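Heads up, the thing below is written out as structure tokens.
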Amino acid sequence: MVAPSSSTGPQVFINFRGELRNNFVTHLLDAFKRHGINSFIDSKEKPGVDLKELFERIKKSTVALAILSSKYTESHWCLDELVKIKECVDLHTLRVIPIFYNLKPETVKELDGDFGLHLWNLWKKKGRDDRILKWDAALQDVRGKAALILDEHSDEAAFVDMVATHVKNFLDEDKEENSKPQGKGEEIPKPEEVSNSKTKKKVKNSTFNSVKPGEQRLKQLEEKLAMDCDDNESRIIGVVGMAGIGKTYLAEALFEKLKKKVNSHVVIRFDSEKWKDHKLGWLQKKLAKGLLDNYSIDCGNGNPLEFWKDTLVKKKVVILFDNVSDKKQIKPLLGNCNWIKEGSRIIITTRDKSLLKELTCDLYHVPKLNDTESFELFRAQVCTTLEGNIMEMSRKFVDYAGGNPFALKEFGDELCGKEEDHWKSRLEKLTQCSNSMVRDKLRICYDELNEKQKDAFLDIAYFFRSQEENYVRTLLDSFNPESAESGTELRDLTDKFLIDVCDGRVEMHDLFCTLAKEFVETSGGTYWLFPSNCPEFTTALAKKEGRNKVRGIVLDMSEMEEKSLDNQAFVEMTSLQYLKVYSSTDPGGHNEAKCNLNLPDELEFSKDNILRYLHWVKFPRKELPSNLEPKNLIDLRLPYSNIATVWNCAKVAPKLRWVDLSHSSKLTSLLGLSKAPNLLRLNLEGCTSLKELPKEMKELKNLIFLNVRGCTSLVSLPAITIDSLKTLILSGCSNLQTFKVISKNLETLHLNGTAISRLPQAFSNLHKLILLNLKECKNLVALPDCLWKLKSLQELKLSGCAMIESFPHVKEKMENLQLVLLDGTSITEMPRNIINLSFLRHLSLSRNDKICSLEFDMGQMCHLKWLEVKYCKNLTSLLGIPPNLQCLNAYGCVSLRTVASPLAFLMPTNQIHYSTFIFTNCHKLEQVSKSSIISYVQKKSELMSDDRYNQDFVFKSLIGTCFPGCDVPAWFNHQAFGSVLKLEFPRDWNEGKLNGIALCCAVSFKDYKDQNNGLQVKCTSEFTNVSSSRESFTIGGWSEPGDEPHTIETDHIFVGYTTLFNSKKRQQFTSDTEVSLTFEVTNGTSGVEGCKVMKCGFTLVYEPEEAENLGGAISHAPLRTGSFAKGRGYLSWNRD
């Protein structure tokens, strides 16, 4: 079954990997409920069965969230869902919003790291060849869309709320569109609704003539301009956007409405070519003649606007300047416009918003059409029945047009009445050969650029789409970064709508990319783009003519047969700036195939080369050509290469910023890079032969990032200082025995998996350190006593440091420290002066056999949210549980007997999350402790339901616990054998101080092993005579990363409280309501074999009789519960 949060209204389908279920996804579902959003997640489908029902849910949804995490590509289930989501997106019946959960965009885009490796591992399995292509296509589609990114520094609570708000706004907009009289604005049209006539007469007089978006945008434009013209202020509005976006149509429609409110009006249309022959005088006369149609405007060589200003200033005017491309065209509006009467309106359309910077005006950026609007326009224009293959191909044309109305119209005209074969042929050539009308319109934009802007435009089209803005800016500005004009190209192209900077990345419309390729191919070949197995490659290199014009080369080797390169191939390419050799099927270089491009021993470059960018995956030589002078080199990427040394001597590289030599297993020397003073990032990950870092690295005064992860031969760091360094990654350097502080400004330090035994005293100087990772440092015997001096430290990770027996004395408050991982250590007790760690939010002490008892001072640890003590086999007592815990995990604490009776406390907050307290396999847990645990979570549930704490944002708060046992507690008034419990509520059941409900079930586990490290016990309630009444919520469970399966040895009791019935929700339920409760055990995606719900229980929970101080601790008053007793055909109400 698919678990819905409700059965009506717009739907959101959540596609995610199971390890996120009980944390991020749960929080997200809570946020959705606070915003009134209905959502679906898969709950108990069995792997291998027909997933038609699940796919039907996807098809019926309005929005899909694709949450990509590091383990996402482990799951063929997730990928199959994503394929279905893509199909619906292609049909424009669904919108997908990608979320990158602790994943960098480049990792997703390049299928790098574990994310890419998991996908390759799936591919290796038999029978997956056809599916991998679909998976890859779906991943390509989703990573090409604007994503919401949650990284390790993000505030998850704020991020979750932002996602919910984002989705809610879209659904509200969709609902508003569907509720309008036309009713079709946001609906996906059915093929049969389109006329079958291929000769139907089409209306072509405007871009927006057949779709509603024109009306919406016009309304937005009117709101900016104050249509009544009654005020005493002249207003100017600039209508801006890319070519073909509909600026003129909107401006003309606005003009037609405005001109009825004034006596004089005029339209001035500019043509880029004709304007060259006109002067300012022509424009002044054109304006005067249009506004003074009953006058002779002859004033000799004077300015007619100035000459007739006394007449002009007496009446309000409306003026439209259309297609402005030169600042001189709006010069009459600059300076003293004493000829314009107050209350006039002026509209300007332009593809270059920088022209309007000197004007006091509002800007209206004409937005692209969304997917549905685009399809409506294309369908109306093509006048062909869209079904079968034609329907599928039409989606691709619409996607390629990217919301540009002019392109959609022209593609529709071109395809109107054509057979399917023509559609196929045109689609195959779409990205290489644009529509002639579209090309001519866009070419004007290109022709208006100066030479530097043209170069930058082509550079981005060929090399830098979707790259980070600062990176692209550096590459484009490399020749003269100190120039006053440095950096203007990127800004200019953005102002002219030839590129877009979105979320810090430079994007370019597909239409412009095609234009760039067409221009290069027809105008002299300044760029060479060789697709896989391109036979022209050898021929092109053999040609002598035009080689000095080549600016960039892109070579895809994925299917290339083995070829040899002449040593003179690049000598005459004096203009070569960008060289990229890669494999499209293995962009990260993960597989073992060698480079099929053989290089001579003495490959030569021009002595005056201006190479800026060299990206060569699996570079086959032991060093770069000796005559390649890197004086202009900015980015050097040679991953998985055979490089032993970059150069055999140090070369001056004043502009070099980025170097990636990762996984170059033969690399032994870095001396060739010692004269790169502006180097920012150096990636040496996986260079397993590298034994030392040269002392000359101290000259790298601007280095901020150094990654030597997995350099297993590295023994020590040099005695140098690089104060600029902020991130140092030494993870997996298994032979590194000593660590030296080489930068006092470090913010991130990874030493996990090294052989260090101690940290130096100079460690106390790292006042800016935020993250310290010492996981699996097996030889580390102690932490320095100066740890408390690291006042910026937020995360301390010591997992697996088995020789550490004590935590250093914390002398002063560490107010920024939020996470401490001590699992797998030998620490015997909590650190002294733990009050100085009072801001700690996450503490892990799992897998520690030395801890026998834990005691917390309730008042000192009020910020602690997450406490893990899993597999602490000798832990016998937990005393003083911190009051604000959201998760306590004591799984496998086989000696645990006592859990002290805690006091529930809750500070006012708007963010309430699911809370869980896990005591699985704690077989010695005393009954009094179990009662204390139940009382604790019940009191917290009462607090969480109080409006003074959750600001009424919470629809339902969930809190649960589990422990060994087989009997449902007697105070659950309604019990049943099996997994289904049916009740009839009395007439007054939802009156009074009803707080919520308590649920319980006893589950039998027969040799259960949780291979996915995820288990949930869920309850679904259904009110049989109330619509929108189906609710599903989690009683208990867990979801954790890792490969070690969980084992549950005996029967367990799961107890959960939910504040489902708050005052607003109760109003939806009538009296005499029947309810059916169904309990189930799932692993996150399907039912669990061998698990059986033996008994289940339910009771209503009421507020205590006496008012209590909810702002502080709450004593353990007995539960006030309600029950139903049946008699003579009706229910009587008994309240304990």
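The values are calculated or read from the model by the stated rules, or taken from the named source; none is laboratory data. In this text the structure is predicted, and so the values were computed from the model without any measurement. Note: ideal-geometry Cβ built from the backbone for every residue, glycine included; neighbour counts use all protein chains shown.
For (1) assigned to a helix (DSSP H, G or I); (2) within 18 Å of Ser466 (Cβ to Cβ), each residue gets a yes or a no:
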{"residue": "Arg57", "(1), (2)": "yes, no"}
{"residue": "Ala64", "(1), (2)": "no, no"}
{"residue": "Ile67", "(1), (2)": "no, no"}
{"residue": "Ser70", "(1), (2)": "no, no"}
{"residue": "Asp80", "(1), (2)": "yes, no"}
{"residue": "Lys84", "(1), (2)": "yes, no"}
{"residue": "Val108", "(1), (2)": "yes, yes"}
{"residue": "Leu111", "(1), (2)": "no, yes"}
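Whether any residue in segment 369-383 is more than 34 Å from the chain's Cα centre (by Cα) and crowded, with 24+ Cβ neighbours inside 10 Å is what I want to check.
yes
Across segment 676-689, what is the total count of residues that are out of contact with any Cys (no Cβ under 8 Å at 6 or more places or on another chain) and assigned to a loop (DSSP other than H, G, I, E, B)? Break it down stepwise before answering.
First, pick out the residues of segment 676-689 that are out of contact with any Cys (no Cβ under 8 Å at 6 or more places or on another chain): 676-683, 689.
Narrowing further to those that are assigned to a loop (DSSP other than H, G, I, E, B): 676-680, 689.
Total meeting the criteria: 6.
Which of the residues that make up segment 629-653 are closer than 11 Å to Leu667 by Cα, surrounded by 24 or more Cβ atoms within 10 Å (Cβ to Cβ) and of a type in the set (Gly, Ala, Ser)?
The one that is closer than 11 Å to Leu667 by Cα, surrounded by 24 or more Cβ atoms within 10 Å (Cβ to Cβ) and of a type in the set (Gly, Ala, Ser): Ser641.
Scan segment 414-425 and give yes if some residue there is in a loop (DSSP other than H, G, I, E, B) and buried (at least 18 other Cβ atoms within 10 Å of the Cβ), otherwise no.
no
Say we look at segment 795-833 and pick out the residues that are outside any loop (DSSP other than H, G, I, E, B) and of a type in the set (A, V, I, L, M); which of these is farthest from His767 (Cα to Cα)? If you could, list the steps in order and put the result at the bottom.
Narrowing segment 795-833 to residues outside any loop (DSSP other than H, G, I, E, B): 795-797, 819-821.
Restricting the remaining residues to those that are of a type in the set (A, V, I, L, M) gives 796, 819-821.
Values: Leu796: 14, Leu819: 17, Val820: 18, Leu821: 20 Å.
Here the residue is Leu821.
Under 6 Å by Cβ, and 6 or more places apart or on different chains, what pairs join a residue from segment 562-582 that is under 28 Å from Ile460 (Cβ atoms) and modelled with pLDDT of 85 or more with one that is of a type in the set (Gly, Ala, Ser) and assigned to a strand (DSSP E or B)?
Every condition considered, the pairs that remain are Tyr578/Gly552.
All but one of (1) crowded, with 19+ Cβ neighbours inside 10 Å; (2) within 21 Å of Gln818 (Cβ to Cβ); (3) in contact with a helix residue (DSSP H, G or I) (Cβ under 9 Å, 6 or more places away or on another chain) hold for Leu878; which doesn't?
Evaluating Leu878 over (1) crowded, with 19+ Cβ neighbours inside 10 Å; (2) within 21 Å of Gln818 (Cβ to Cβ); (3) in contact with a helix residue (DSSP H, G or I) (Cβ under 9 Å, 6 or more places away or on another chain) leaves (2) as the failure.
Considering only residues that are part of a loop (DSSP other than H, G, I, E, B) and surrounded by fewer than 19 Cβ atoms within 10 Å (Cβ to Cβ), which ones fall in segment 856-870? Show your work before the answer.
Filtering segment 856-870 down to residues part of a loop (DSSP other than H, G, I, E, B) leaves 856-865, 869-870.
Within segment 856-870, Asp857, Met858, Gly859, Gln860, Cys862, His863, Lys865 qualify.
Identify all residues within segment 410-438 that are closer than 20 Å to Cys383 by Cα and of a type in the set (Lys, Arg); write none if there are none.
Lys418, Lys424, Arg426
Those residues that are out of contact with any Ser or Thr (no Cβ under 9 Å at 6 or more places or on another chain) and basic (Lys, Arg), I need them from segment 608-636; list them, please.
Scanning segment 608-636 gives a single hit, Lys631.
What number of residues within segment 86-99 are part of a loop (DSSP other than H, G, I, E, B) and closer than 17 Å to Leu28 by Cα?
In the first step, residues of segment 86-99 are kept if they are part of a loop (DSSP other than H, G, I, E, B); the result is 91-94.
Pick out the ones that are also closer than 17 Å to Leu28 by Cα and you get none.
Number satisfying all stated conditions: 0.
Asn836 fails exactly one of the following numbered conditions: (1) under 28 Å from Phe24 (Cα atoms); (2) not in a loop (DSSP other than H, G, I, E, B). What is the number of that condition?
Unmet for Asn836, out of (1) under 28 Å from Phe24 (Cα atoms); (2) not in a loop (DSSP other than H, G, I, E, B): (1).
Among the residues of segment 415-435, are any out of contact with any Lys or Arg (no Cβ under 6 Å at 6 or more places or on another chain), under 25 Å from Lys145 (Cα atoms), at pLDDT 90 or above and among the β-branched types (Val, Ile, Thr)?
No, there is no match, as no residue in segment 415-435 is out of contact with any Lys or Arg (no Cβ under 6 Å at 6 or more places or on another chain), under 25 Å from Lys145 (Cα atoms), at pLDDT 90 or above and among the β-branched types (Val, Ile, Thr).
What pairs can you find where one residue is in segment 150-163 and more than 16 Å from His842 (Cβ to Cβ), the other is hydroxyl-bearing (Ser, Thr, Tyr), and their Cβ atoms are less than 8 Å apart, with a gap of 6+ or different chains?
Every condition considered, the pairs that remain are Leu150/Tyr101.
Okay, residues lined up against (1) assigned to a loop (DSSP other than H, G, I, E, B); (2) buried (at least 20 other Cβ atoms within 10 Å of the Cβ); (3) touching a Pro at 6+ places or on another chain (Cβ under 7 Å):
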{"residue": "Lys691", "(1), (2), (3)": "yes, no, no"}
{"residue": "Glu696", "(1), (2), (3)": "no, no, no"}
{"residue": "Ser713", "(1), (2), (3)": "yes, no, no"}
{"residue": "Val741", "(1), (2), (3)": "yes, no, yes"}
{"residue": "Asn752", "(1), (2), (3)": "yes, yes, no"}
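Quick check on Glu868: is it acidic (Asp, Glu), more than 22 Å from Asp155 (Cβ to Cβ) and modelled with pLDDT under 95?
Values: acidic (Asp, Glu): yes; more than 22 Å from Asp155 (Cβ to Cβ): no; modelled with pLDDT under 95: yes.
For Glu868, the condition - acidic (Asp, Glu), more than 22 Å from Asp155 (Cβ to Cβ) and modelled with pLDDT under 95 - is not met.
In segment 502-516, which residues are outside any helix (DSSP H, G or I) and touching a Gly at 6+ places or on another chain (Cβ under 8 Å)?
Our first condition is that a residue be outside any helix (DSSP H, G or I); within segment 502-516, this holds for 502-509.
Listed by number, the list holds a single entry, His509.
Per-residue answers, yes or no, for (1) out of contact with any Gly (no Cβ under 9 Å at 6 or more places or on another chain); (2) in contact (Cβ under 8 Å) with a residue 60 or more places away in the chain; (3) not assigned by TED's automatic domain parsing to the domain that holds Arg95:
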| site | (1), (2), (3) |
| --- | --- |
| Glu373 | no, yes, yes |
| Glu376 | no, yes, yes |
| Ala380 | no, yes, yes |
| Thr385 | yes, yes, yes |
| Met391 | yes, yes, yes |
| Phe397 | no, no, yes |
| Pro405 | no, yes, yes |
| Glu410 | no, no, yes |
| Asp413 | yes, yes, yes |
